[in-house]
Amino acid sequence: MSSVDEFCDALFSKDPEGPGKVDLTIDVNEASEFFEVLLLVMTNGLKKWYGQRINIGDVDIKHIVKLKEYFISFGVNIDIAEEDKPDIYSIDNSAYLNKKYLDEMMFTVEGPAKLFTVKFSFAAGAAPRWA
């Protein structure tokens, strides 16, 4: 694979394949870089369905389910949790840079009335592919 964009073009050009059927081999050195790649893959999928400007509040559950199917096809679980937006809050989307493991990293997006948090983990039997 020569780029994340090319991987995404190939991935989202067809229906999701079965678990572990797609090979995502990416040249990165740290878990945080792999996390960033996964965020790019997610964003590319959402852009395919919603256009260049994504309003997270408009994302339909059927597309979240489909994203999960695409991610599991290359051995990664994606979890998108939503919660009511508190009156006072702070989002630090750079905190993942201080984490060592993929499943400790998260990215939060503000929607109209909710906060959406994205986390990734390796599916059972999947191994890191950036090492």
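The values are calculated or read from the model by the stated rules, or taken from the named source; none is laboratory data. Because the structure is predicted, anything quoted here is derived from the model rather than measured. Methodologically, a virtual Cβ is constructed for each residue, glycine included, from the backbone with ideal geometry; neighbour enumeration extends over all protein chains shown.
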> Somewhere in region 47-55, is a residue at pLDDT 90 or above and under 12 Å from the mean Cα position of the chain (by Cα)?
Replying inline: no
> Do we have any residue at all in region 45-53 that's crowded, with 17+ Cβ neighbours inside 10 Å, of a type outside the set (Lys, Arg) and either in contact with a strand residue (DSSP E or B) (Cβ under 7 Å, 6 or more places away or on another chain) or assigned to a loop (DSSP other than H, G, I, E, B) (or both)?
Replying inline: no
>> Could you tell me how many of the residues in region 89-131 are farther than 24 Å from Ile54 by Cα and modelled with pLDDT of 90 or more?
In response: 10
>> Anything in region 1-31 that is among the β-branched types (Val, Ile, Thr) and either over 18 Å from Asn77 (Cα atoms) or surrounded by 11 or more Cβ atoms within 10 Å (Cβ to Cβ) (or both)? List them, or say none.
In response: Val4, Val22, Ile26, Val28
>> Restricting to region 21-46, and then to whatever is under 14 Å from Phe71 (Cα atoms) and hydroxyl-bearing (Ser, Thr, Tyr), can you tell me which residue is nearest to the chain's Cα centre (by Cα)?
In response: Thr43
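Could you tell me how many of the residues in region 18-44 are outside any helix (DSSP H, G or I) and among the polar types (S, T, N, Q)?
The total comes to 2.
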> Limited to region 108-125, what total is found for residues that are surrounded by 14 or more Cβ atoms within 10 Å (Cβ to Cβ), out of contact with any helix residue (DSSP H, G or I) (no Cβ under 6 Å at 6 or more places or on another chain) and hydrophobic (A, V, I, L, M, F, W, C)?
Replying inline: 3
> Scanning region 62-81 for residues that are touching a Ser or Thr at 6+ places or on another chain (Cβ under 8 Å) and surrounded by 14 or more Cβ atoms within 10 Å (Cβ to Cβ), which turns out modelled with the lowest pLDDT?
Replying inline: Ile80
>> I'd like the residue in region 76-126 that is in contact (Cβ under 8 Å) with a residue 24 or more places away in the chain, in a loop (DSSP other than H, G, I, E, B) and among the hydrophobic types (A, V, I, L, M, F, W, C) and, out of all such residues, is farthest from Ile61 (Cα to Cα).
In response: Ala126
